[in-house]
Amino acid sequence: MTGTPDTPDRSATDLEARLAAATPEERGRLLTDTIRTQAGTLLNTTLADDSNFLDNGLNSLTALELTKTLMTLTGMEIPMVAIVENPSPEQLAQHLNQEFAATGA
């Protein structure tokens with residue numbers, strides 16, 4: 001099932017539900033895996049958890065696309081600066097996990 005810009009696809013809602021039901025540790029792993037996969041797809045490379053986005057070709061356009069994709073998949077509000085301030089899948093996942101816990105998203 002695919003979605004339109006107004007209706008996220010089923011995988012987005014599934015991820016949101018999985019994040020909501022997960023322990024903080026499980027949520028961290030889900031976020032890391034999702035971020036690594038989505039960023040790797042956008043950057044056309046395989047990323048490790050500690051791979052630096054900028055070193056792998058992230059620019060302002062791909063940062064914006066990654067931000068939009070992650071917001072759609074997670075249901076979270078993510079400022080684009082979060083990607084620059086947390087420049088690896090692991091760091092960004094940790095940041096988003098803390099935001100999730102603080103807001104109960």
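Scanning the stretch 13-30 for residues that are surrounded by fewer than 17 Cβ atoms within 10 Å (Cβ to Cβ) and either polar (S, T, N, Q) or closer than 13 Å to Met76 by Cβ (or both) yields Thr13, Ala20, Thr23. The condition of being open to solvent by less than 80 Å² (accessible area, probe 1.4 Å), hydrophobic (A, V, I, L, M, F, W, C) and in a helix (DSSP H, G or I) holds for only one of Leu47, Leu64, that being Leu64. The number of residues in the stretch 92-102 that are surrounded by fewer than 13 Cβ atoms within 10 Å (Cβ to Cβ) and in contact (Cβ under 8 Å) with a residue 12 or more places away in the chain comes to 1.
Within the stretch 70-91, the set of residues being open to solvent by less than 30 Å² (accessible area, probe 1.4 Å), under 16 Å from Leu30 (Cβ atoms) and part of a helix (DSSP H, G or I) comprises Leu70, Leu73, Thr74, Pro89.
The set of residues in the stretch 1-31 being over 20 Å from Gln98 (Cβ atoms), outside any helix (DSSP H, G or I) and either at pLDDT 50 or above or under 14 Å from the mean Cα position of the chain (by Cα) (or both) consists of Asp9 alone.
Taking the criterion of being without any contact (Cβ under 8 Å) to a residue 40 or more places away in the chain and either touching an Asp or Glu at 6+ places or on another chain (Cβ under 8 Å) or outside any loop (DSSP other than H, G, I, E, B) (or both), the residues of the stretch 34-44 that qualify are Thr37, Gln38, Gly40, Thr41, Leu42, Leu43.
Here Leu58, Leu96, Leu64 are screened, and the one residue that is closer than 19 Å to Gly28 by Cβ and of a type in the set (A, V, I, L, M) is Leu96.
Within the stretch 30-55, being within 10 Å of Pro89 (Cα to Cα) and polar (S, T, N, Q) holds for Thr32, Thr34, Thr37, Gln38, Ser51, Asn52.
The values are calculated or read from the model by the stated rules, or taken from the named source; none is laboratory data. Not measured: the values here are computed from a predicted model. Virtual Cβ from ideal backbone geometry, glycine too; neighbours counted across all protein chains shown. Quick note on the areas: whole protein, heavy atoms, side chains included, nothing else; ligands and nucleic acids left out. Shrake-Rupley method; radii C 1.70, N 1.55, O 1.52, S 1.80 Å.
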